[in-house]
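A short worksheet on the structure shown next.
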Amino acid sequence: MVTHTPDNTEPTRLATGTEAVERRIFEAHEGGKLTVEPTAPIDNADDLAIVYTPGVARVVEEIAEHPEKAREFTIKKNTVAVVTDGSAILGLGDRGPLAALPVMEGKAALFSRFAGVDAFPICLDAHDVDEIVAHVKAIAPAFAGINLEDISAPRCFEIEDRLRAELDIPVFHDDQHGTAVCVLAALTNALKVVGKSIDEVRIAMSGAGAAGTAILRLLLAAGARDVIVTNSKGIVTTGRTKGDRLEWIADHTNPRGVEGGLREAVAGADVFIGVSVPNILDEEMLRSMNARAIVFALSNPVPEVDPDIAWQHAAVVATGRSDFANQINNVLAFPGVFRGLIDAHAREVTDEALLAAAHAIAAVVSDDELSARHIVPSVFDERVTPAVAHAVAGSGERG
């Protein structure tokens, strides 16, 4: 039986940049963070004949005749490709596929640690959409799912759309959908804390890129009715070029017809969600929000507003950082999402699965545990991944 102690304490802030921390970081990465281990014994000639030739030929024939058995007799049963081109690494921008490898290794290690999923880093030296799609399709037979990572917008949208249409395994862009799931989970509990409902609150969002668009879609699917989205040019409004993704945002937001920029969008809002750039939300804007406001400042490593300042004006504050309370961390979502998709032999990622994942994460925090500084569980809470996996696996048809 897993025991759990609620984590209501302020996180320790890591003194990054110090010599000791730098040494720990590089020591942890020396030689990479992953290894491959055989699951069958290879201790003698008989073992060798079973796991390789001639014995393996029998399995080849079985899979050739019954392709669905690849999930039973190969690593396809439990594998995910973590795919990037290195064009949008964390908050560092385009650093290329080689520099992306430590991040993709880390992601694969998290898959293993939190969900028992065997994930492999795939860093593609390709930037053209057609090339990336072709490469991923070519390696897809070995995997039960594809996790797209750190691919810049707007290319990431087309890549995901095409792969979802052309592959028979789930394709999940964590920068979009993992973030959206965690934001909805956190918001669900934050709204409980302040005594408001998602269909009544006014939500102001900063950021209309990959994460912002996915968050918006999931918020609307969850029942949000009054959302205003801003980008660097102000409030996203109608009149966009036909087919532009901003056109879809404009058509589904801003029901009150507010004009202007972030300042006008935030005035009278109950919720602020930032997935944009540092230090754009000032104290005057915070004071203009409704009472018992919720502020999610998720730009990393520097958020849209200093969390300590935000707490002076808002009832609930969350960031993407581990050294502040209420970290909205995708590790809460993607391991359990893929565990559920793989276990269900799912062929796609549906909105129903994402909503189920968000509600499962939120439900891990009981009413007794819930507080303004504890709206999401710790990523180390052993209840999270099984709850998310169960919810996702039960959310749709099996593949």
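The values are calculated or read from the model by the stated rules, or taken from the named source; none is laboratory data. Computed from a predicted structure; not experimentally measured. Using ideal geometry, Cβ is built from the backbone for each residue, glycine included, and neighbour counts are taken over all protein chains shown. For the accessible areas, the whole protein counts, side chains as well, though only heavy atoms, and no ligand, DNA or RNA atoms are used. Shrake-Rupley method; radii C 1.70, N 1.55, O 1.52, S 1.80 Å.
Structure notes:
- Accessible surface of K33 - all protein chains present, 1.4 Å probe, nearest 10 Å²: 60
- The range 127-171-the range 339-383 distance, computed between alpha-carbon centres (Å): 25
- Crossing angle, helix 129-139 versus the chain [Cα axis fit, 0-90 degrees, rounded to tens]: 40
- The chain - mean residue ellipticity at 222 nm from DSSP helices (-39,500 (n - 2.57) per run, n ≥ 4, rounded to 500): -12000 deg cm²/dmol
- For the chain, built as a Gaussian network whose Cα springs stay under 10 Å, the top-fluctuating residue of G320, G274, G96: G96
- The local environment of A119, defined by Cβ-Cβ distances under 10 Å, has a net charge of -1 under the rule Lys, Arg +1 and Asp, Glu -1.
- Centroid-to-centroid separation of the range 22-85 and the range 278-335 [C-alpha atoms, Å]: 42
- In a DSSP loop and with at most 10 other Cβ atoms within 10 Å, the GluC sites (Glu not before Pro) in the range 26-65 are E30.
- DSSP assigns beta bridges within the chain; of those with both partners inside it, close to 10 percent run antiparallel.
- Within the shell of other residues whose beta carbon sits under 12 angstrom from the beta carbon of A315, the net charge comes to +3, with Lys and Arg scored +1 and Asp and Glu -1.
- Rounded if a/c under 1.5, otherwise prolate or oblate - the range 11-153, Cα gyration tensor axes: oblate
- Which of I235, A357, F380, positive extreme of dipole for the chain (C-beta unit charges): I235
- Rounded to the nearest 10 Å², the accessible area of L101 at probe 1.4 Å: 60
- Solvent-accessible surface (1.4 Å probe) assigned to W248 amounts to roughly 70 Å².
- Evaluated with a Cβ-only charge set (Lys, Arg +1; Asp, Glu -1), the range 233-367 carries a dipole of roughly 240 debye about its Cα centre, given to the nearest 20.
- Electrostatic bookkeeping for A297 treats Lys and Arg as +1 and Asp and Glu as -1; over the other residues with beta carbon under 10 Å from its beta carbon, the sum is -1.
- With Cα atoms, 0 to 90° folded angle of helix 155-166 axis to the chain main axis: 50
- Accessible surface, the chain, averaged per residue in Å² (probe 1.4 Å): 48
- Shape call, the range 180-260: gyration tensor on alpha carbons, a/c limit 1.5: prolate
- Surface composition of the range 44-169: carbon plus sulfur atoms contribute 60% of the solvent-accessible area (1.4 Å probe, protein chains only, all chains present).
- Pairs of Lys in the chain closer than 23 Å at Cα, counting only those 8 or more apart or on different chains: 11
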